[in-house]
Amino acid sequence: MNRTVCVVGLGYIGLPTASFLGTKGYRVIGVDAQAHVIETINRGEIHIVEPDLDILVKSAVHSGNLRATDVPQEADVFIIAVPTPLAQPGNRPDVSFVEAATRSIAPHVRPGNLVLIESTIPVGTTTGVVLPILRAEAANGADGVHIAHCPERVLPGRVLVELVGNDRIVGGVDAESTEAAAAFYSSFVNGEVLKTDAATAEMAKLSENTFRDVNIALANELSIICDRHGIDPWQMIALANRHPRVNILQPGPGVGGHCIAVDPWFIAAAAPGQAHLISTARRVNDNKPEWVMEKIRAAAARFKKPVIGCLGLAFKANVDDLRESPALGIARRVRDEGLGELLVCEPHITANREFDLATLDDILRRANVIALLVDHTAFRGLRAEQFAGRALIDTRGVVR
Ligand SMILES: NC(=O)c1ccc[n+]([C@@H]2O[C@H](COP(=O)([O-])OP(=O)(O)OC[C@H]3O[C@@H](n4cnc5c(N)ncnc54)[C@H](O)[C@@H]3O)[C@@H](O)[C@H]2O)c1
């Protein structure tokens with residue numbers, strides 16, 4: 001068994017992976033570019049919110065099996081889990097973090113080592129970017145080095161369960177790389193390890209989130225059309241889904257987070273002449289917040305002194321993550337357009353730099369226009385009579 005693993009990038013993916021491996025007997029060197037991340041982990045603490053991760057990190061660090069640092073070191077296995085954001089303008093994939101991480105490990109990579117890219121990457125990155133960098137910059141070139149893309153598909157909030165339980169795809173730059181990657185994941189994953197080539201693994205990961213995005217776009221478009229007809233879209237979807245082969249997803253105020261709203265662009269950027277449906281779905285989802293804003297503007301215009309309450313800022317239910325959140329974008333636009341006094345409630349955070357947080361009770365007492373933007377459990381018990389005399393824009397179909 002390979003004993004030393006160097007994990008580059010200690011965020012939502014890298015830290016759970018590094019600490020889990022540390023508790024499974026691997027000696028793990030965690031590498032991150034941010035000093036506060038390194039210091040926090042070396043104290044046995046965490047800088048991100050994920051259930052039970054604190055216990056795992058504490059255990060891995062205190063056993064001596066996990067140590068964080070800012071420079072990679074020699075290892076048997078290297079795992080790259082750095083961000084792959086969109087570059088603007090033009091929604092182009094930015095693989096510069098993957099390039100930098102590959103360059104940083106290159107001087108330490110030896111024949112027989114395994115290099116795994118867990119970051120979500122455009123098709124062709126493993127063979128077209130990672131392999132050439134290692135060929136040029138690894139101590140002995142890339143000969144005898146096994147290189148594979150092994151995408152992550154964990155759900156925030158369930159990362160530690162899914163890290164072990166999910167099926168994994170491993171796609172190498174050659175057959176030996178695929179076998180080496182499969183052997184490594186099989187040492188700690190309970191799910192099935194599925195072997196393919198690097199490009200197929202890259203495309204499969206991108207297609208998973210694109211599937212979600214396109215289907216959410218259908219739900220969002222249907223919800224707008226239902227509104228024109230005065231139909232409750234949630235009731236309509238529940239009825240349509242009683243068809244044995246239909247499963248329409250739930251509409252919302254838009255699509256956020258750093259995966260579903262990002263990954264389809266990786267496909268579209270490489271195939272603009274072919275990715276018609278994918279690009280259109282992205283636009284449908286990106287335009288949904290504007291539709292919600294039209295509803296809020298129209299409702300606010302009915303009151304002399306509008307007090308507008310926004311329920312939720314997170315990008316999805318029951319998380320504290322505001323990254324790329326459509327709810328946050330809507331609250332900002334209500335503020336920037338000066339539509340009225342703004343009250344914002346987000347029960348999963350204690351403070352926010354941009355907004356003073358109000359309680360749910362404050363909003364129910366004072367607001368005459370209420371936009372329900374996130375289906376947090378904390379809002380799920382709300383009843384229609386609590387909104388009597390107020391304008392309610394329920395983007396999640398929570399209030400019955
Ligand atoms: N978060 C998820 O739920 C999820 C799920 C599946 C796939 N992914 C993919 O995994 C990758 C990582 O995502 P994440 O959410 O963990 O990101 P993150 O932003 O939480 O963490 C990335 C970490 O990498 C560090 N970093 C950046 N460049 C570095 C470098 N050159 N050397 C060392 N450290 C560096 C950053 O400081 C940061 O701590 C992305 O490609 C993402 O699309 C994420």
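Bear in mind these aren't lab numbers, they're just calculated from the coordinates by the rules spelled out. These numbers come from a predicted model, not from an experiment. Ideal geometry is used to build each Cβ from the backbone, glycine not excepted, and the neighbour counts take in all protein chains shown.
Just a few scattered comments:
- Net charge over other residues, Cβ less than 11 angstrom from the Cβ of Asp70 (K, R count +1; D, E count -1): -2
- For peptides 289-298, 113-122, 384-393, sequence by mean Cβ density within 10 Å, most packed first: 113-122, 289-298, 384-393
- Counted over the chain, the DSSP beta bridges are approximately 10% antiparallel.
- With neighbour counts taken as other beta-carbon atoms within 10 Å, the residues Leu194, Leu311, Leu382 rank, fewest first, as Leu194, Leu382, Leu311.
- Cross-link partners for Lys316 among the lysines, with Cα-Cα distance under 18 Å and sequence neighbours closer than 8 places in the same chain left out: Lys288.
- As a rough footprinting exposure proxy, the listed residues Phe303, Phe184 were ranked by other beta carbons within 10 Å of their own, and the order from fewest upward is Phe303, Phe184.
- Summing Lys and Arg as +1 and Asp and Glu as -1 over all other residues whose Cβ lies under 11 Å from the Cβ of Leu372 gives a net charge of 0.
- Put simply, when 186-193, 76-83 are sorted by average Cβ atoms within 10 angstrom per residue, most first, you get 76-83, 186-193.
- Bridgeable aspartates and glutamates around Lys305 (alpha carbons under 12 Å apart, same-chain partners fewer than 8 residues away excluded): Glu341.
- Taking the chain as a Gaussian network of alpha-carbon nodes connected by springs under 10 Å, the highest mean-square fluctuation of the residues Gly30, Gly254, Gly165 belongs to Gly165.
- C-alpha center-to-center spacing [the range 76-139, the range 270-331] in angstrom: 33
- Here Lys304 is the anchor, and the lysines within straight C-alpha reach of less than 18 Å, apart from those fewer than 8 places off in the same chain, are Lys295.
- Considering helices alone, the calculated mean residue ellipticity of the chain at 222 nm is -12000 deg cm²/dmol, with DSSP H runs of length four and up weighted by -39500 (n - 2.57) and normalised per residue.
- Which of Lys305, Lys195 has the fewest Cβ neighbours within 10 Å, and the rest in rising order: Lys305, Lys195
- In the elastic network of the chain, a GNM with C-alpha springs shorter than 10 Å, the most mobile of Cys259, Cys345, Cys226 is Cys226.
- Shape category assigned to the range 1-151 from the gyration tensor of Cα positions, a/c cut at 1.5: oblate
- Shape analysis of the chain yields a ratio of the Cα radius of gyration to the Kirkwood radius, Rg/Rh, of 1.02.
- Summing Lys and Arg as +1 and Asp and Glu as -1 over all other residues whose Cβ lies under 9 Å from the Cβ of Ala314 gives a net charge of -2.
- Most fluctuating residue given options Asp356, Asp52, Asp263, as computed from a GNM of the chain linking Cα atoms under 10 Å: Asp356
- Rounded to whole numbers, the Karplus 3J(HN,Hα) couplings from phi for the range 275-291 are 7, 5, 5, 5, 5, 5, 4, 4, 5, 4, 5, 5, 8, 4, x, 5, 5 Hz, using 6.51 cos²θ - 1.76 cosθ + 1.60 with θ = phi - 60°, and x at Gly and Pro.
- Sparse-neighbour loop sites [trypsin sites (Lys or Arg not before Pro); the range 197-281; at most 13 other C-beta within 10 Å; DSSP]: Arg242, Arg245
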